[in-house]
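Structure record follows, encoded as structure tokens.
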Amino acid sequence: MSEPTDPPTVARASSTPAERASGAPADRASGEPVALASRGSVASTEEWSNWAGDERCRPVELARPRSIEELQGDIARAAERGWRVRAVGSGHSFSDIACSDGLLVSLQRLAGVLEVDRASGLVRVQAGITIRELSRRLDEHGLALENVGDIDVQSIAGAISTATHGTGARLRNLSAQVHQLTLVLADGTVLECSRERDEELWRAARVGLGALGVIAEVTLRCVPAFTLHGVDAPAPLQDVLERFEELALRNDHFEFFTFPHASTALTRTNNRVPEAPRPRRRLPAYVNDVLLANHAFELFCRAGRRFPRQIPRFNRLVTRLAGSTERIDRSAAIFASPRLVRFTEMEYAVPRAHTMQAVRGVLALIERGGFMVPFPIEVRTVAGDDALLSTAAGRDSGFIAVHMYRGMRWRPYFEAVEALMLELEGRPHWGKRHFQSAATLRARYPDWDRFTALRARLDPEGRFANAWTDRVLGPVDG
């Protein structure tokens, strides 16, 4: 069984000045105190934190099952003891979606490839395998995922559960590639979810937010391995904004980044080509992807955190230094790139026709509000799908992501962006920061009540709940 890469951090509790003053840990991004999850009846010695390091909890127990049978036993034991249960993969969500005050189940040891059918493209895997490891294993069989994002350290279960996506106006998010799911329910029993068995349940479980059960296995519909021609190039921002729809439809995959206070966009286009991959040599790849895109960028971010009034100047310099690159390689190598600079993020999906209005609005509010933002705005497209709580449910969507470097105040900026997105029919990415509740989200999802009804049916006692689900989904109405 293979092990996933980049597991979540599990560390002894530490303290900052804000923590010592308040008795609670401080949010590493905003500097504001946040509460640890309750320890329950048994004191835990382990503190779990997400990849960004700004969401943390100390569960009663942190379980790391190696098999579906061990997972069933862990959940059944939690039910006997009255603990709530949450599951976590690589910890790459930016919210408290995975935090638990009871049992926290890490999927990192459930990371194997169980079955590959090259003829049909169906591949059954354990839920904790990372996208990076899965892509590597698929390539060995001449297969690939149809589309993934530019980060590949997430577990497959976490990625599909939160409707994680790549970019492509005609391509759907990762959850749409799911053929079948195996859930472990609140009583420890196993339930297979597929269109053939129960289409309503399958549509709910594909983006289940960990609220229906713990995903143990996933069967994905993969495609024959393919090669991408990737081009990264700067372009005048106004030109990109005016031609966005054309660029999104003309290319298999198109996205762009734009730094606040700069007049240049950094574009990324990826298109399929009938050629063999030509991987880069290690040294040029390291220089571009690690030294320049990460280490040098982090230096600019640190300088901006120290001297925030210089951020507009730094942003313009970063865009001037960005050059053009061209690559021909296997799809997974083109899609994903290292992300070593720590940050927090919020992302909203809007109807694709509103995308440019949203981007222009964010740029305007940054100027108007005097926000000092050292990270770019990222803009992507995704085709609509039919998962009940997919952020792209029922509509082709544009996604606008905003970020803030670690240790910098993010909340006022994110709140201003969210207010704009809500006016444009926006839906928040489930794995990223937002300030919405069940009361405000219900009207944004036509199938919200169908999902909550299924949740009440599968988990009437609210076993798979936490503070995040209480706030975002509401209590289980069993």
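The values are calculated or read from the model by the stated rules, or taken from the named source; none is laboratory data. Bear in mind the structure is a predicted one, so any value in this text is a computation, not a measurement. For neighbour counting, all protein chains shown are included, and Cβ atoms are generated from backbone atoms with ideal geometry for every residue, glycine included. Heads up: the accessible areas ignore ligands, DNA and RNA and are worked out on the full protein's heavy atoms, side chains in. Shrake-Rupley method; radii C 1.70, N 1.55, O 1.52, S 1.80 Å.
Data overview
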| quantity | calculated |
| --- | --- |
| Residue ranges of strands (runs of 3 or more DSSP E) in the stretch 224-285 with at least 3 members closer than 29 Å to Leu138 by Cβ, in contact (Cβ under 8 Å) with a residue 12 or more places away in the chain and touching a Gly at 6+ places or on another chain (Cβ under 9 Å) | 253-258, 264-273 |
| Some residue of the stretch 384-400 being in a helix (DSSP H, G or I), under 26 Å from Asp54 (Cα atoms), modelled with pLDDT of 95 or more and not aromatic (Phe, Trp, Tyr) | no |
| Contacts under 8 angstrom Cβ, first residue in the stretch 143-162 being more than 15 Å from Phe335 (Cβ to Cβ), partner open to solvent by less than 10 Å² (accessible area, probe 1.4 Å) and among the charged types (D, E, K, R), 6 or more apart | Ile160/Arg206 |
| Those residues of the stretch 455-471 which are among the hydrophobic types (A, V, I, L, M, F, W, C) and without any contact (Cβ under 8 Å) to a residue 40 or more places away in the chain, in sequence order | Ala456 |
| In the stretch 337-366, residue farthest from the chain's Cα centre (by Cα) [restricted to those that are small (Gly, Ala, Ser), surrounded by fewer than 21 Cβ atoms within 10 Å (Cβ to Cβ) and modelled with pLDDT of 95 or more] | Ala364 |
| Filter pass, Thr452 being exposed (fewer than 15 other Cβ atoms within 10 Å of the Cβ) and either farther than 25 Å from Gly91 by Cβ or without any contact (Cβ under 8 Å) to a residue 60 or more places away in the chain (or both) | no |
| Flag for Thr452 being modelled with pLDDT of 95 or more, in a helix (DSSP H, G or I), of a type in the set (Val, Ile, Thr) and under 17 Å from Val207 (Cα atoms) | yes |
| Only one of Arg330, Arg339, Arg360, Arg313 that is in contact with a strand residue (DSSP E or B) (Cβ under 9 Å, 6 or more places away or on another chain) and of a type in the set (D, E, K, R) | Arg330 |
| Counted residues, the stretch 124-144 - those being open to solvent by 20 Å² or more (accessible area, probe 1.4 Å) and either in a loop (DSSP other than H, G, I, E, B) or of a type in the set (A, V, I, L, M, F, W, C) (or both) | 2 |
| Candidate set from the stretch 456-478 (those that are open to solvent by less than 30 Å² (accessible area, probe 1.4 Å) and within 22 Å of the chain's Cα centre (by Cα)); member that is nearest to His92 (Cα to Cα) | Trp468 |
| Residue count for the stretch 325-379, restricted to those that are among the hydroxyl-bearing types (Ser, Thr, Tyr) and either touching a His at 6+ places or on another chain (Cβ under 8 Å) or within 17 Å of Leu422 (Cβ to Cβ) (or both) | 3 |
| Evaluation of Ala186 against (1) of a type in the set (A, V, I, L, M, F, W, C); (2) assigned to a helix (DSSP H, G or I); (3) in contact with a helix residue (DSSP H, G or I) (Cβ under 7 Å, 6 or more places away or on another chain); (4) more than 20 Å from Ser93 (Cβ to Cβ) (one fails), failing number | (2) |
| Positions within the stretch 297-331 being of a type in the set (Ser, Thr, Tyr) and not in a strand (DSSP E or B), in sequence order | Thr319, Ser324, Ser331 |
